[in-house]
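Right, one structure below, let's go through it.
The values are calculated or read from the model by the stated rules, or taken from the named source; none is laboratory data. As the structure is a prediction and not an experimental result, all values here were calculated from the model. Here the Cβ positions follow ideal geometry from the backbone for every residue, glycine too, while neighbour counts run over all protein chains shown. Areas reflect the complete protein model, heavy atoms only, side chains present, ligands, DNA and RNA absent. Shrake-Rupley method; radii C 1.70, N 1.55, O 1.52, S 1.80 Å.
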Amino acid sequence: MDAKQLIDAITPEAYERLLFAVETGKWPEGTALTPEQRDSCMQAVMLYQSKHNSDAQHMTVAQGGEISFKSKAELKKQFQQDQQDIVRVNPNKQ
């Protein structure tokens, strides 16, 4: 199977499982990955992201295979914009 066939075969659900495995070092069921499995999963995640990641976050592979880095200022600005959607509740206030 070549890289294009692999990317085309990965479903969004499979991608989420692979991403979880890479980030945590274990499968969602809790079984630990071997170093070889982690390497393979990481390659599959990067290939999938290179085709489907149109909104790349800090240090990810963007659509087209470009590695995307966001500066600290860009991330702060993005998170501040996202904070407007959060409703804050003070449980101690009567």
Condition check for Glu29: open to solvent by 70 Å² or more (accessible area, probe 1.4 Å), at pLDDT 70 or above, part of a helix (DSSP H, G or I) and out of contact with any strand residue (DSSP E or B) (no Cβ under 6 Å at 6 or more places or on another chain): no
Residues being touching a Leu at 6+ places or on another chain (Cβ under 6 Å) and either open to solvent by 60 Å² or more (accessible area, probe 1.4 Å) or of a type in the set (D, E, K, R) (or both) - total across the stretch 8-25: 0
Lone qualifier among Gln80, Gln5, Gln94 - being modelled with pLDDT under 90, in a loop (DSSP other than H, G, I, E, B) and open to solvent by 40 Å² or more (accessible area, probe 1.4 Å): Gln94
Filtered residue count, the stretch 32-66, keeping only those that are open to solvent by 40 Å² or more (accessible area, probe 1.4 Å), modelled with pLDDT of 75 or more and not in a helix (DSSP H, G or I): 2
